[in-house]
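Step one of this worksheet: look at the structure below.
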Amino acid sequence: MTDYPSITAQLDDPDAAREEGRRKMDWARQHMPILNALREDFEADQPFADQRIGMAMHVEAKTANLVELLADGGAEVAITGCNPLSTHDDVSAALDAHENITSYAKRGVDDDEYYAAIEAVIDIEPTITVDDGMDMVAAIHEDYPELIDSIIGGAEETTTGVHRLRAMDDDGALDYPVFAVNDTPMKRLFDNVHGTGESSLASIAMTTNLSWAGKNVVVAGYGDCGRGVAKKASGQNADVIVTEVEPRRALEAHMEGYDVMPMSEAAEIGDVFLTVTGNRDVVTAEHFEQMKDGVLLANAGHFDIEVDLDALSDMAVDQYEARDGVEAYEMDDGRRLNVLAEGRLVNLAAPIALGHPVEVMDQSFGIQAVCVRELVDNPDAYDAGVHDVPDDLDKEVAEIKLEAEGVDFDSLTDTQEEYMGSWQHGT
Ligand code: RBV
């Protein structure tokens, strides 16, 4: 047993926090038709009775609606954050007030507190895990392997988490099944592209009060997130430069009309640098040397490893908070390089950050919810390892959303169905 306190015990005025957190949740919920549709079923059927769900996610209003949905579907839930800066304490307090939920998430925790809170979640001996970044799966495998036998499975939210899980699976080290929620069309084509694109740019603009128009914006990484960031920055009249290591993605960015070049060349041109590679050391000392005075450095990848802040700190002759959420590093020649949100994912970790827009998180969390339901419905169907989300679950969520949007769509006739399944018809 750990004695790490839940959020309620850590706040001076938990009642006021709870009320504000609930208000934020109510607002989000009005715009989450998928979770609302699932709620009707889950409340009636109680599919998660007898389940204990351990979660590590960005604890804010939209996530809270997923957590509450699972709890109202019968589960006992314990949750903590998946990033030291992304928690909204008021929302965490609102969750903690629910009789089936304990929330340990708190904004601004240090490394020790972060991992102590994960251990506190693991203390409920989860039968199901829901992660964003895989820190919970890692902690269970490393420190509590005896719990694995009673875990039915898990679900992983983000690209980095799925990447880590696949590496773990390749090593033969992943001992229970985990759904790659990130990889579904309903998640990555919306959350990664539009969600990251919109929320990163909005957070940077709000944090700095600076314009995109006429800026040289360097987007490092042209995956789904990079594609979204580049498109939205371009839509705000910025000149976009893309850096890539994968030849086909570099070519795709080039054909999309962006300038593609190595970071070593982009460094002296960029006004804003936004990293979305999922890899480390993308912007380093050699690049800092060349940058213009006043540049903005931000990251929207899951971990704070893309901009080499240790090197930047070593090079700086002075370092100070230039604005809330902006740390200026002054070089010996007087240039100031401004790091946003401590290099942590800017769309969630900046002081004013709200995370992705509600609508896309409704989709992502709709997939999470049906994955948890699938694990309970078919507990023996999945071996240890990473699993694609079954396509019919992804389609189910898309159909709920289309219906909520009032969008009707076609279906195949019998003849078309047969034609699509045949190979005999040629010219
Ligand atoms: N993300 N969550 C939010 N709750 O506001 N915003 C973004 C939120 C997720 C998103 O799905 C992405 O895959 C992950 O955060 C990166 O940690």
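Relative to the compact globular guide of 2.2 N^0.38 Å, what is the alpha carbon radius of gyration of region 195-349, as a ratio?
Cα Rg divided by the expected 2.2 N^0.38 Å: 0.94.
Taking a label point 7 Å from the Cα of Glu289 along the Cα→Cβ vector, which residues of region 321-350 have an amide N closer than 17 Å to it?
Residues 331-335 qualify, since their backbone N sits under 17 Å from the label point.
What size of dipole, in debye to the nearest 20, comes out for region 195-349 about its Cα centre when the only charges are +1 on Lys and Arg C-beta atoms and -1 on Asp and Glu C-beta atoms?
Magnitude of the dipole: close to 720 debye.
On the full set of protein chains, 1.4 Å probe, figure out the accessible area of Asp271 and give it in Å² to the nearest 10.
Here the residue's solvent-accessible area equals roughly 40 Å².
Amide H of Ala322 versus every other amide H placed in the peptide plane: which residues, excluding those fewer than 5 positions away on the same chain, fall under 5 Å?
Glu327, Ala328
Is the chain best put as rounded, prolate or oblate by its Cα gyration tensor, with a ≥ b ≥ c the root eigenvalues, rounded for a/c under 1.5, and otherwise prolate when a/b is larger than b/c, oblate when not?
Verdict is oblate for the chain.
Using a 10 angstrom cutoff on alpha carbons, build the Gaussian network for the chain and name the most mobile of Gly334, Gly278, Gly21.
Of Gly334, Gly278, Gly21, the most mobile in the Gaussian network model is Gly334.
Quick check for you: which residues of region 77-102 have the amide N under 16 Å from the point 7 Å beyond the Cα of Gln46 toward its beta carbon?
77, 99-101, by backbone N distance to the label point.
Give me the 1.4 Å probe accessible area per residue for the chain, excluding ligands and nucleic acids, in Å².
That works out to 45 Å² per residue.
How much of the accessible area of the chain, probe 1.4 Å, is carbon plus sulfur, in whole percent?
45 percent
Would you mind calculating the gained length between Ala167 and His254 on full extension (0.36 nm times residue separation, minus the Cα-Cα distance), in nm to one decimal?
28.3 nm
What is the set of long-range amide H partners of Val242 at a cut-off below 5 Å, with H atoms built 1.01 Å from backbone N?
Sorted by chain and number, the residues that satisfy this are Val219, Asp259, Val260, Met261.
Within the set Lys215/Lys395; Lys187/Lys232; Lys24/Lys187, which residue pairs have Cα atoms separated by over 30 Å?
Those over the limit are Lys215/Lys395.
When you count, for each residue, the other Cβ atoms within 10 Å and take the mean per peptide, how do 191-202, 118-129 rank with the highest first?
Highest to lowest by the protection proxy: 191-202, 118-129.
Eigenvalues of the Cα gyration tensor times 5, then square-rooted: what semi-axes does that give for region 187-252, in whole angstrom, largest first?
With the √(5λ) rule applied to region 187-252, the semi-axes are 20, 15, 8 Å.
For a quick check, take a GNM of the chain with Cα springs below 10 Å and name the residue from Arg188, Arg29, Arg335 with the largest mean-square fluctuation.
Largest GNM mean-square fluctuation: Arg335.
Tabulate in residue order the Karplus-calculated ³J(HN,Hα) for region 414-420, using 6.51 cos²θ - 1.76 cosθ + 1.60 with θ = phi - 60°, rounded to whole Hz; enter x for Gly and Pro.
Once rounded to whole Hz, the list reads 4, 5, 5, 4, 5, 4, 5.
Which percentage, to the nearest 5, of the DSSP beta bridges contained in the chain is antiparallel?
20 percent
Going by the alpha-carbon gyration tensor, a ≥ b ≥ c the square roots of its eigenvalues, is region 41-145 rounded (a/c under 1.5) or, if a/c is not under 1.5, prolate (a/b greater than b/c) versus oblate?
oblate
With just the Cα atoms defining each centre, how far is region 1-67 from region 291-314? Give it in Å.
33 Å
If R₀ is 22 angstrom, what is the calculated FRET efficiency for the pair Glu246 and Leu189, using the beta carbon separation as r and rounding to 0.05?
0.75
Taking springs between alpha-carbon atoms closer than 10 angstrom, which of Ser211, Ser86, Ser411 fluctuates most in the Gaussian network model of the chain?
Sorting by GNM fluctuation, first place goes to Ser411.
The values are calculated or read from the model by the stated rules, or taken from the named source; none is laboratory data. What you see is a predicted model, and the numbers here were worked out from it, not measured in a lab. When we count neighbours, we look across all protein chains shown, and the Cβ atoms used for this are built from the backbone with ideal geometry, even at glycine. Surface accessibility is based on the protein's heavy atoms, side chains included, excluding ligands, DNA and RNA. Shrake-Rupley method; radii C 1.70, N 1.55, O 1.52, S 1.80 Å.
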